[in-house]
Amino acid sequence: MHEERQMNRRRRRQLAFHDFPGGFSGARIFSDNRWVRLAQIIPWDLVDKKYAENFVGKKAGNPAIESRMAFGSLVIKEELHLSDEDTVTMIGENPHCQYFIGMEEFMDKAPFDASKMTAFRKRFSPEAMAEINEAIIAAQKKDPPPPEENGDDDSKDNNDGTLILDATCAPADIHFPTDAGVLNDARELTEQLIDELFESSTKTEKPRTYRQKARKNYLLLVRNKRPGKNLIRKTRKSQLQYLRRNLGHIEVLADSHDLSARQRSKLVVLHEVHRQQREMYDNKCHKVEDRIVSVFQPWVRPIVRGKLTAKTEFGAKIALSLEDG
């Protein structure tokens with residue numbers, strides 16, 4: 001436990017408004033600011049719990065940035081639709097944002113570099129984000145905002161105004177998927193799982209994965225500027241065989257080792273990728289129901305948009321509404 005605490009810093013108690021005689025160390029903080037109000041309803045204890053799960057069993061490394069700072073930075077990025085660099089700039093300039101991420105005093109720059117945002121995203125899985133979001137919604141339902149006073153009793157029946165509806169896509173940050181590329185990513189992920197399981201197992205002989213040969217086979221395709229159909233199909237077949245072989249090794253190692261929740265989740269995705277790719281290979285097609293286009297973001301789906309520059313986009317389909325501006 002002592003070693004885990006070195007890796008994962010617990011959240012510090014943030015000082016309340018009355019603890020700052022002159023404000024947030026000289027910066028003016030308003031209690032009705034949206035970041036201050038949002039900080040009151042986010043279940044930080046749950047955020048801390050989900051964040052700490054990333055460090056179970058970790059025995060070495062530098063202490064991680066606090067959970068509130070990591071999660072709060074992701075919220076600011078999504079709320080304001082900013083890039084990683086702009087998010088860090090916003091935090092460095094806005095004292096309310098610094099209060100939101102749990103800083104004890106105002107600083108004239110952000111406490112971390114933009115490159116840390118990638119690590120923050122990896123430490124909050126989609127399942128953890130969904131659980132935190134549900135807790136936030138539940139907290140809002142328990143304490144709903146008071147209704148606005150309006151002297152006109154017939155205002156609820158007023159249909160005046162303008163409502164604009166539009167469907168769009170929130171593109172995911174993934175490279176353009178190809179069957180061979182997805183298989184290569186899946187194969188490399190199985191090799192990582194084999195390394196992890198073998199390291200903690202009692203077996204003396206490590207399963208052979210032929211990773212160098214498999215990598216060379218894949219590079220032969222991607223380095224070809226105009227690969228023919230035969231080369232593409234041959235590469236897919238080879239990667240399928242390597243993937244199936246590695247999955248078999250993992251099943252053997254898993255018999256004598258308890259898989260973690262993260263490893264089980266990855267294994268489910270890998271089996272589904274192999275099933276889909278085998279089905280498309282046997283049927284000589286490139287379409288399958290709920291096709292996985294990224295082993296690292298298996299929830300991403302292709303969406304046909306019909307645009308001239310990008311006929312297909314990959315991400316979540318969302319509906320937007322704009323009412324009276």
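The values are calculated or read from the model by the stated rules, or taken from the named source; none is laboratory data. Because the structure is a prediction, the values reported are computed rather than measured. Here the Cβ positions follow ideal geometry from the backbone for every residue, glycine too, while neighbour counts run over all protein chains shown.
Given the condition in a loop (DSSP other than H, G, I, E, B) and surrounded by 12 or more Cβ atoms within 10 Å (Cβ to Cβ), answer yes or no: does some residue in the range 248-256 qualify? Checking the range 248-256: not a single residue is in a loop (DSSP other than H, G, I, E, B) and surrounded by 12 or more Cβ atoms within 10 Å (Cβ to Cβ).
I'd like to verify a number: residues in the range 80-103 that are out of contact with any Phe, Trp or Tyr (no Cβ under 9 Å at 6 or more places or on another chain) and either modelled with pLDDT under 85 or closer than 19 Å to VAL47 by Cα (or both), how many? Final tally of qualifying residues: 0.
Matching residues to (1) closer than 30 Å to ARG121 by Cβ; (2) outside any helix (DSSP H, G or I):
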{"site": "LEU219", "(1), (2)": "yes, no"}
{"site": "ARG244", "(1), (2)": "no, no"}
{"site": "LEU267", "(1), (2)": "yes, no"}
{"site": "GLN276", "(1), (2)": "yes, no"}
{"site": "VAL288", "(1), (2)": "yes, yes"}
{"site": "GLU313", "(1), (2)": "yes, yes"}
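Scanning the range 83-139 for residues that are assigned to a helix (DSSP H, G or I), among the polar types (S, T, N, Q) and within 14 Å of PHE71 (Cβ to Cβ) yields THR87, ASN133.
Residues that are touching a residue at least 24 places away in the same chain (Cβ under 8 Å), within 28 Å of the chain's Cα centre (by Cα) and part of a helix (DSSP H, G or I) are absent from the range 200-209.
Can you find a residue that is within 19 Å of ILE42 (Cβ to Cβ) and at pLDDT 75 or above anywhere in the range 139-147? Don't jump to the end; show me each part of the working.
As a first pass, look at the range 139-147 and keep what is within 19 Å of ILE42 (Cβ to Cβ): 139-145.
Filter once more, keeping what is at pLDDT 75 or above: 139.
Scanning the range 139-147 turns up at least one residue that is within 19 Å of ILE42 (Cβ to Cβ) and at pLDDT 75 or above.
Listed conditions (1) in the same structural domain as ILE232 (by TED's automatic domain parsing); (2) touching a helix residue (DSSP H, G or I) at 6+ places or on another chain (Cβ under 8 Å) are all met by ASN283, apart from (2).
Among residues belonging to the range 54-113 that are closer than 22 Å to ALA128 by Cα and in contact with a Gly (Cβ under 6 Å, 6 or more places away or on another chain), point out the one that is surrounded by the most Cβ atoms within 10 Å (Cβ to Cβ). This residue is PHE100. Is at least one residue of the range 198-218 more than 20 Å from ASP185 (Cβ to Cβ), modelled with pLDDT under 95 and aromatic (Phe, Trp, Tyr)? Looking for residues that are more than 20 Å from ASP185 (Cβ to Cβ), modelled with pLDDT under 95 and aromatic (Phe, Trp, Tyr), one finds at least one in the range 198-218, hence yes.
Residues of the range 182-199 that are in contact (Cβ under 8 Å) with a residue 40 or more places away in the chain and out of contact with any His (no Cβ under 6 Å at 6 or more places or on another chain): VAL182, LEU183, ASN184, ASP185, ALA186, ARG187, LEU189, THR190, GLU191, LEU193, GLU196, PHE198. With the condition kept exactly as written, say whether any residue in the range 233-242 is free of Cβ contacts under 8 Å to residues at least 40 places away in the same chain, in a helix (DSSP H, G or I) and farther than 20 Å from ILE292 by Cβ. Checked the range 233-242: at least one residue is free of Cβ contacts under 8 Å to residues at least 40 places away in the same chain, in a helix (DSSP H, G or I) and farther than 20 Å from ILE292 by Cβ.
Looking at VAL295, VAL304, VAL300, VAL288, just one residue is under 24 Å from ALA172 (Cα atoms) and without any contact (Cβ under 8 Å) to a residue 12 or more places away in the chain, and that residue is VAL304.
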